[in-house]
1. Given the options A:A107, A:A52, A:I32, identify the residue whose Cα lies farthest towards the positive end of the charge dipole of chain A (+1 on Cβ of Lys, Arg; -1 on Cβ of Asp, Glu).
2. In this model, which of A:K66/B:K140; A:K140/B:K112; A:K140/B:K66 are farther than 25 Å apart at the alpha-carbon?
3. Given a cut-off of under 8 Å on Cα pairs at least six residues apart, what relative contact order in percent is computed for chain A?
4. Quick check on the protein assembly as shown: helices-only [θ] at 222 nm, where DSSP H runs of length 4 and up contribute -39,500 (n - 2.57) each and the sum goes over total residues. Nearest 500, please.
5. To the nearest 10 degrees, how steep is helix A:97-114 against the longest Cα principal axis of chain A, on a 0 to 90 scale?
6. Net charge within 11 Å of A:A121 by Cβ-Cβ distance, Lys/Arg positive one each and Asp/Glu negative one each, not counting A:A121 itself?
7. Along Cα-to-Cβ, 7 Å out, sits the label point; list in nm, shortest first, how far the one on B:T58 is from those in the other copies.
8. Taking all pairs of distinct Cα atoms, average 1/r, flip it, and tell me the Kirkwood hydrodynamic radius of region B:106-208 in Å to one decimal place.
There are 2 protein chains.
Amino acid sequence: MNRLGPTLLKPRKAPKQTRSAATIEAIHTATIQVLLAEGVARLTTTRVAERAGVSIGTMYQYYPHKQALLFAIVEQQLETVTAFMLAAADRLRGRHVGDVAEGLATAWLDVKTSDSQAFRAIYSIAAEFDLAEGMGRALKHMAEVMSQLLAAAPDANFEDCDAVAFMLASMIGGSVRTVMDAAASEENLMRLRRELPLACRAYVTAVR
Amino acid sequence: MNRLGPTLLKPRKAPKQTRSAATIEAIHTATIQVLLAEGVARLTTTRVAERAGVSIGTMYQYYPHKQALLFAIVEQQLETVTAFMLAAADRLRGRHVGDVAEGLATAWLDVKTSDSQAFRAIYSIAAEFDLAEGMGRALKHMAEVMSQLLAAAPDANFEDCDAVAFMLASMIGGSVRTVMDAAASEENLMRLRRELPLACRAYVTAVR
DNA sequence: ACCTGAACACCGTTCAAGT
DNA sequence: ACCTGAACACCGTTCAAGT
């Protein structure tokens, strides 16, 4: 499986002119519109270009291929989530490990269910192309933030703080993703919202 | 009122069916071979047909479209996993809740990492088409088995056993999937193998 | 009755030709 | 310098024509 380097996934052209910036913005929003209105299967370069009001040739001036476009969308979503989680982390600094774990789980649930339609739509992009690198990076980043937070807790006494943070990030990210794209009924989301914070608290308290 | 169909009037030995079975099997293994050798992006109907030694027309006689073929592959994998987990469940019946949770996590890790190459390859199919239904069904089934197992534990005293089982299934399935397709380094798999059973035990023990 | 593969509609991507 | 869209290679799927 060939993995594209990050260089190739970036926009080919920097938007120096206001016009270019507007064009990129138009392509960007057109992509999300087409995705929400027609689904992944019908998300084609032709349709996006048409909706954005540019020719395909122009689109290929800004994004070297379809993957680059999708990558940009996912990247933006990832940044939103990251910013939200960093804010939550700030509020949790210095609290006891149980509170930290529970607070992180709740924050993650909040941000992921806040605009679930868009989030699910963008999740569905993931499979279409190689998202592994971006997701891996996000997971690692989350784990680092969590590790730092856990280490700063007054009752912290972990044998391997990084490992605990990694497990926490994996179980929060993984369970929310699984429920959201495999069984996102109202009842299941309620269960998750009730049980996941408990599970996270129980885990860190037990290994503290 | 059961009228005998023409099927029963045909020769009892049906060479056609044996041949069909062989053809289906050939298509099936060809799909996995192409997937492993060339990746999802190059998994095309043409290539599968060529590798299986049949024409595309013939392939479309057995599978109405590409999705049906992929679905069949995923379905078979799901059955393997289910059988493995049911066997593990049998061994864990009547044990304490902590042992049950830990044992289930370990069993899941074992089956998912046993032939990780094939599992990751087949996971990668998921995104390509609508796997949500199959995954949702598998998750529900897992949760049911776990619920029954937890309820049968001698020290069980859950307020909502189904919710706990659902959470357990989500966190086991989700974290393993996330790590495997986003950050499957040897170190991370080791961490997961060490921490996930602990987390599961801590959770069920805390809410028991 | 069953298999074949050219043909079709559509996709992602390119690039000569315009402005 | 930048945009356009016909053209290209390839995809999933069909169906008239073979055996």
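No value in this document is a laboratory result; all are computed from the given coordinates. No experiment lies behind these values; they were computed from the predicted model shown. For neighbour counting, all protein chains shown are included, and Cβ atoms are generated from backbone atoms with ideal geometry for every residue, glycine included.
1. A:A52
2. Working: A:K66/B:K140 35 Å; A:K140/B:K112 22 Å; A:K140/B:K66 35 Å.
Beyond 25 Å: A:K66/B:K140; A:K140/B:K66.
3. Details: 191 pairs, mean separation 46.8, N = 208.
So the answer I get is 22 percent.
4. Numbers: 19 runs with 323 residues, N = 416.
Helix-only estimate at 222 nm: -26000 deg cm²/dmol.
5. The two axes meet at around 30 degrees.
6. Details: positive: A:R120; negative: A:E38, A:D115, A:D181.
Around A:A121, the surrounding residues sum to -2.
7. Copy-to-copy label distances for B:T58: 5.0 nm.
8. Working: mean 1/r = 0.0679 Å⁻¹.
One over the average 1/r among Cα pairs gives 14.7 Å for region B:106-208.
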